[in-house]
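The values are calculated or read from the model by the stated rules, or taken from the named source; none is laboratory data. Computed from a prediction, not measured in an experiment: that's the story for all the values here. Don't worry about glycine lacking a Cβ; one is built from the backbone with ideal geometry, like all the others, and counts go over all protein chains shown. In case anyone asks, the SASA skips ligands and DNA or RNA and just uses the protein heavy atoms, side chains included. Shrake-Rupley method; radii C 1.70, N 1.55, O 1.52, S 1.80 Å.
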Amino acid sequence: MTGGLVDCVDVDEAPASARRGDEADLVARVAAGDQGAALRQLYRAYEGRLYGLGLRLLGDPSLAEELVQETFVRVWRKAGQFDPDKGSVATFVFTIARRIAVDLWRRPSSRPFQPEPAEEAAPGDPMERVLVGLTVRHALDSLSPAHREVLELSYRKDLKQSQIAERLGVPLGTVKTRTFHALRAMKAALEEGGVGG
Amino acid sequence: MAEHEHAQPDVAGYVLGVLEPDEAAAFAAHIEGCRACRDEVADLAGAGELLARAAPAVDVPAGLEARTFAAIAAADYGPTPARRRRWDGARRLVAAAAAVVLVGVGITVVRQATEPEAAVAQVIELEAPGGGPASAVAHVRRTPTGGVIEMEVEGLAPPPPGSVFECWLVAASGDSIDRPNRVSVGTFTVDQDGRATVRWDFSADTTRFPRMGVTIEPDDGNPVHTSQRVLAAKTLL
Ligand SMILES: [Zn+2]
């Protein structure tokens, strides 16, 4: 049966708490002097979200790039201050990014058209809204291609499951079970990223 | 309809609104009497709603990772003494790796074996922030009291009458019009071809002021930043 293997081997459903622990472990290794593999793995997990955040908040590719670079210079410097009991690695990284985004926004030569980011996190402030969208995108990107594909076809709302089955060339029953596993994996990935599911 | 021991796959289609209308109506009736499916709908509803808020996929510029690790390697030059000791062992390896990575993005770290600290020359490329032909290459050498910057500029249109170019080292954070957090390195102008070669000593701590840039400033002797950037370093000092 087409797609059956993907649905049986559901690697995306590793417990979110375990993966959160992995990120905290990476930060601990960076703090202990691992400037190579651990820092690079951490960087790759956040590069897309930080760059997207910079583009949306600052409206300028070169400022977005600066945001990524300066955030990671500071993540590297401050890794020793990270306390897993006080919050997730995502919160640690994005708290640093928020301060840098404010500084970049205020730099006289920046002159962004976007509104000034708030210095403190608050529910519903522009940066929080942007972060939710980026976190959802990041969670989607972390799924297996088959899971991501079926969810992307589903949330557009213009196709029903029978049409999705036709589009993918798999039986309707496969689409149903695949969508179910994909949405469960998505929920786990969203929790890992710090947004409720 | 009977209760299920485990939630059925249609839960996902129902939450996402992709069941056929008759299937959706039947499933809505089913969850009235089936606790397993009803609980699963409640459990997955939030993820279903969040999906619709997914940001578009972002294309990260090529080489950003290499440039970021170059900035980190560059920032590794002047940490606090404790940190410096801690990193010393790893740094020799990193420097070798960095030299390979950095060539591709325009920074070369030249490390001479005889004078491990003072002989390090960091090459910083500067470009026009808004695009354009202006560019510069600066060689930065640290000394015990600060450092020396040698910079070659080209393609920079001469400044308007009564103004000069000013080179700055800017704080990593907290630099604004109201509360500038930058130090002036020196002023210069360019020849008719838009070229200049300059050399300055500086005493600023480049770990506090790691960003380098050039602005146009009124030539009134007032060392306060007022104007537009014309060159900005691609990487941190
Ligand atoms: Zn049921």
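See the values below:
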{"item": "All positions within the range B:24-57 that are open to solvent by less than 70 Å² (accessible area, probe 1.4 Å), within 15 Å of the ligand (Cβ to nearest atom), over 13 Å from B:Gly13 (Cα atoms) and not β-branched (Val, Ile, Thr)", "result": "B:Ala29, B:His30, B:Gly33, B:Cys34, B:Ala36, B:Asp43"}
{"item": "Boolean, A:Leu159 is over 17 Å from B:Glu40 (Cβ atoms) and facing chain B (nearest Cβ under 8 Å)", "result": "yes"}
{"item": "Odd one out for A:Ala118, checked against (1) facing another protein chain (nearest Cβ under 9 Å); (2) without any contact (Cβ under 8 Å) to a residue 60 or more places away in the chain; (3) touching an Asp or Glu at 6+ places or on another chain (Cβ under 8 Å)", "result": "(1)"}
{"item": "Verdict on B:Pro159 being open to solvent by less than 70 Å² (accessible area, probe 1.4 Å) and either at pLDDT 80 or above or within 14 Å of chain A (Cβ to nearest Cβ) (or both)", "result": "yes"}
{"item": "Residue tally, condition buried (at least 20 other Cβ atoms within 10 Å of the Cβ), assigned to a helix (DSSP H, G or I), of a type outside the set (A, V, I, L, M, F, W, C) and within 8 Å of chain B (Cβ to nearest Cβ), over the range A:33-47", "result": "1"}
